[in-house]
Amino acid sequence: MTKDQIKAIAKLVVAVKERNGKPVNVYVVAATIESFGIREVDAKEDYGFESIMHLSNYIYKAYDAITLANLKNNNQRVAEAKTYKRLALTEYITTKNTKRFLVDYTSGLLHLFPVFLQVVAIILFGFSLWTYSHFNNLQSTAVVLGVIIGFISSAGFVQVLGKQVSYYWYNKDYHMAKHSTVQIIKNGTIAILGFFIFSLLINLVIPLYSLLFVVITFIYALFIGFLLLVLAPLYALKQRWMLSFSVFAGTVLALLLHFYTDLHPYYIHWTGILVASLISVGYIYSFFHFKLKNETAVKKKPKVMLSLYRNFNYFLYGTFIFLFVFLDRIVAWSSTLNRDIPYIIYYEKDYEIGMDLAILIFFLLGGVMEYAIHSYIRHMDFHQLQTKYSDFQRFNDKMKKMYFKHLRLFAISAAGIAVLLYLIVTQPWGYSRGFDEILSPLSIKVCILGSIGYLFLSLGMLNVLYLYTLGKHRKPLVAIISAFLVNFIIGVFLSRWVSYEYSVMGMLVGSLLFAILTTRETYSFFKNLDYYYYASY
């Protein structure tokens, strides 16, 4: 090997390091060398090796003799400094795990505070931001359908907004974060309005409801959908306290107007929702204005087709998860078996009460899901720093062991929540105290079956959170679509041939299928986590 060849190799070692930092294997070195335009013939003439692979092996082994810190390029050093700052490396196997669980569990519950606040308000005052205990069945049908349409029509946009804004935010591209926020909120609002116009035209051709009913329903849908759209960025931007505050302010205003004015409940609801939305919009505007004050704007637009490709599965998943959640209600309310209904879909109080109680399982398990996903990310970052590439199976085994621990915690928490729900249903201080009425046998039956369904749905959604962290988004979409179809088929069959309340069985079996499919996929995911981890970068 000549002196010139030795110098050329030294320069190549530096060039590969600056491009990749410490490469994970020899194939990365070979690919990098080829990207420099170096050919097989050049490896022999310029570097004194028989082939690029021989040269790559030499360079890769040379890295083992160099201090690890010296192998990192500037981007890696910055990223690692942030990682070590975020990770508390000594806390993973200590009693501080309990503290972490309590913090994350509480954080998860706080994220659901807006919904929890509505439950508390309706129990204590009979009135909340979008519900009223003294509505008749027709009014309840209009309001509940409006709320359901608002949730479903905005769900896909909310899912995409969370993903897109989080991506730009963590990459400190604040201008694109703002652009995405404004654009997605605008598109979501237009979609809700478009659905309203389409439904209005259908109702004119086939008059299913009165015009006033349709207008009231879609004002609720528009306001609820817009509220969800403007609250979603606060979650992605880590400004979750404002999310809770804006809903709290809107709820307090609605209660004050209810008790101290003669306004109709419809107008009170719309005013409260609009105020909560405007508070959120004002804060988001001020937040981005402050962040971008010293930032130089880069005039670039995201490629539309690329954005659609990246977000299409997330959009569909968000839409189908809410379609799934509300499907059993629509199926039950449209059944004419054992009940007479004046319209194609008509609210049924006992069924709704049972499902409202059952969904407490999902809300209270939200804290466990929050802890599990945070713990998973911390452990993954920690173990990948501590594990050699050649020892990837050890990395997979440790993460798989962590997954089973999370499942045990999930099961224990679910058992505790089930006991709490049982007490709420059966004890004098529970439901009967809050609403001054006894639960009907039908409500109790629906509550039991719905609770089991929401338990499986929560497990499936936890699995999806694991898969989403490393970009595995197609299988969750297939799982929720399959579950939706099962929910629909079984729900329609039982509600038309047995009794209308058995539409909840469709939701239960669909949730079970969703949990099975996602658990199987997640187990396979953890068995090959090293591959998915590196493939995501």
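Where a number appears in this text, it was derived from the coordinates with a stated rule and is not lab data. The shown structure was predicted, so the numbers you read here are calculated from the model rather than taken from an experiment. Ideal geometry is used to build each Cβ from the backbone, glycine not excepted, and the neighbour counts take in all protein chains shown.
The gain in end-to-end length when the residue 340 to residue 120 segment is fully stretched comes to 76.0 nm, 0.36 nm per residue minus the alpha carbon separation.
With each label modelled as a point 7 angstrom along the Cα→C-beta vector, the residue 520-residue 137 pair spans 4.2 nm.
Taking 0.36 nm per residue of separation and subtracting the Cα-Cα distance, full extension of the segment from residue 200 to residue 435 would add 81.0 nm.
Hey, with R₀ at 41 Å, roughly what FRET efficiency would residue 45 and residue 478 work out to, going by the Cβ-Cβ distance, to 0.05? Approximately 0.20, to the nearest 0.05. Take the alpha carbon gyration tensor of the range 196-256, find the square roots of its eigenvalues, order them as a ≥ b ≥ c, and report rounded if a/c is under 1.5; if not, report prolate when a/b exceeds b/c, else oblate. It is oblate, given that a/c is not under 1.5 and a/b is not larger than b/c. If R0 is taken as 35 Å, the Cβ-Cβ distance between residue 238 and residue 492 corresponds to a FRET efficiency of 0.25.
Taking the Cα centre of the chain as origin and assigning +1 to Lys and Arg Cβ atoms and -1 to Asp and Glu Cβ atoms, the resulting dipole is close to 1840 debye.
Once the Cα atoms are used to define both axes, helix 3-20 deviates from the longest principal axis of the chain by about 10 degrees. Working ranking of peptides 423-433, 244-254, 168-178, 508-518 by packing, defined as the average number of other Cβ atoms within 10 Å per residue, highest first, is 508-518, 244-254, 168-178, 423-433. Remark: the range 126-302 is approximated by an ellipsoid whose semi-axes, taken from the C-alpha gyration tensor as √(5λ), come to 32, 21, 11 Å, largest first.
Using a simple spin-label model with pseudo-atoms 7 Å out from Cα toward Cβ, residue 349 and residue 499 lie 1.8 nm apart.
Extension gain, residue 405 to residue 14: 0.36 nm times the residue separation minus the Cα-Cα distance gives 136.4 nm.
Could you state the angle between the C-alpha long axis of helix 211-236 and the longest principal axis of the C-alpha atoms of the chain, as a value from 0 to 90 degrees rounded to the nearest 10? Once rounded, the angle reads 30 degrees. In the chain, helical runs assigned H by DSSP with n ≥ 4 each contribute -39500 (n - 2.57); averaged across all residues and rounded to the nearest 500, the mean residue ellipticity at 222 nm is -27000 deg cm²/dmol.
Computing FRET efficiency as 1/(1 + (r/R0)^6) for residue 390 and residue 54, where r is the C-beta to C-beta distance and R0 is 22 Å, gives about 0.65. Per residue, the average separation of C-alpha pairs within less than 8 Å and at least 6 apart gives the chain a relative contact order of 16 percent. For the range 400-537, the dipole from Cβ point charges (+1 on Lys and Arg, -1 on Asp and Glu) about the Cα centre works out to 600 debye, to the nearest 20. Checked against a 27 Å cut-off, the cross-linked pairs 400/475; 238/472; 11/61; 178/400 give Cα-Cα distances beyond that limit for 178/400.
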